[in-house]
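Following: one structure in structure tokens, then a few remarks.
The values are calculated or read from the model by the stated rules, or taken from the named source; none is laboratory data. The shown structure was predicted, so the numbers you read here are calculated from the model rather than taken from an experiment. Using ideal geometry, Cβ is built from the backbone for each residue, glycine included, and neighbour counts are taken over all protein chains shown.
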Amino acid sequence: MAKLSLQEQLLKSGLVSAAKAKTIKSEKHKQTQQQRKNKVEVVDEAKELAQKAQAEKIEKDRQLNQLRQQQEEQKQLAAQIKQIIELNRHPQDPEGLAYNFTDNNKVKRLYVSEAMRDQIAEGRLAIVKLGQQYEVVGAEAARKIQSRDAASVIVFNESNKTADAADDPYAAYQVPDDLIW
């Protein structure tokens, strides 16, 4: 069986009359002749719509990929922060002194030894947040965490000791033990 063109198949099935097929064929022939003569391209609306849809899809995919990449970077930063805290945390002393600090306008309490409390006040140790817990880490680890996410570092008393000593009129006086907060 020979392959028939769509036009011949439609004529054979009776869906299109011979006159209608002839007019369509002549219009198509005229259009191609006009294109050759005027060297004008006929705008193919379906092709333009397809290209526009493709461009929109590419843009949407690019935005989704960018969003996924940002989420992945945030996950990686959170994992790095968690690892730094877990590797550098100092043990807390449940029977030690209470160190009070604020987090989101709420006073929180952490029990640490007297030496650790002094180091926190001097800026050699810092308090960081890991999930819902608070941990004490060294100053270098706190700087690393702060460079990744400043909101994770709750208490870090980085002080400029030379400026404090020169400007503080009460530097010569000792703080009484009962005034420790």
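Counting only residues that are polar (S, T, N, Q) and in contact with a strand residue (DSSP E or B) (Cβ under 7 Å, 6 or more places away or on another chain), which one in segment 68-101 is nearest to residue 140 (Cα to Cα)?
The residue in question is 88.
Restricting attention to segment 63-84, does a residue exist that is touching a helix residue (DSSP H, G or I) at 6+ places or on another chain (Cβ under 7 Å), among the small types (Gly, Ala, Ser) and modelled with pLDDT of 90 or more?
No, there is no match, as no residue in segment 63-84 is touching a helix residue (DSSP H, G or I) at 6+ places or on another chain (Cβ under 7 Å), among the small types (Gly, Ala, Ser) and modelled with pLDDT of 90 or more.
Report, ordered by the first and then the second residue, all pairs with beta carbons closer than 6 Å, sequence separation of six or more or different chains, a first member in segment 5-29 that is among the aromatic types (Phe, Trp, Tyr), and a second member that is surrounded by 10 or more Cβ atoms within 10 Å (Cβ to Cβ).
Every condition considered, no pair remains.
Restricting attention to segment 106-151, which residues are of a type in the set (Lys, Arg) and within 18 Å of residue 76 (Cα to Cα)?
If we filter segment 106-151 for residues that are of a type in the set (Lys, Arg), which is where we start, we get 106, 108-109, 117, 124, 129, 143-144, 148.
Hits for segment 106-151 are 129, 143, 144, 148.
For segment 143-160, which positions are within 22 Å of the chain's Cα centre (by Cα), over 17 Å from residue 107 (Cα atoms) and not charged (D, E, K, R)?
145, 146, 147, 150
Table: residues versus (1) touching a His at 6+ places or on another chain (Cβ under 7 Å); (2) of a type in the set (D, E, K, R); (3) surrounded by 10 or more Cβ atoms within 10 Å (Cβ to Cβ); (4) not in a loop (DSSP other than H, G, I, E, B).
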position	(1), (2), (3), (4)
28	no, yes, yes, yes
33	no, no, yes, yes
46	no, no, no, yes
54	no, no, yes, yes
93	no, yes, yes, no
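Just to be sure, is residue 44 among the acidic types (Asp, Glu) and at pLDDT 90 or above?
Numbers: among the acidic types (Asp, Glu): yes; at pLDDT 90 or above: no.
So residue 44 does not fit the description; no.
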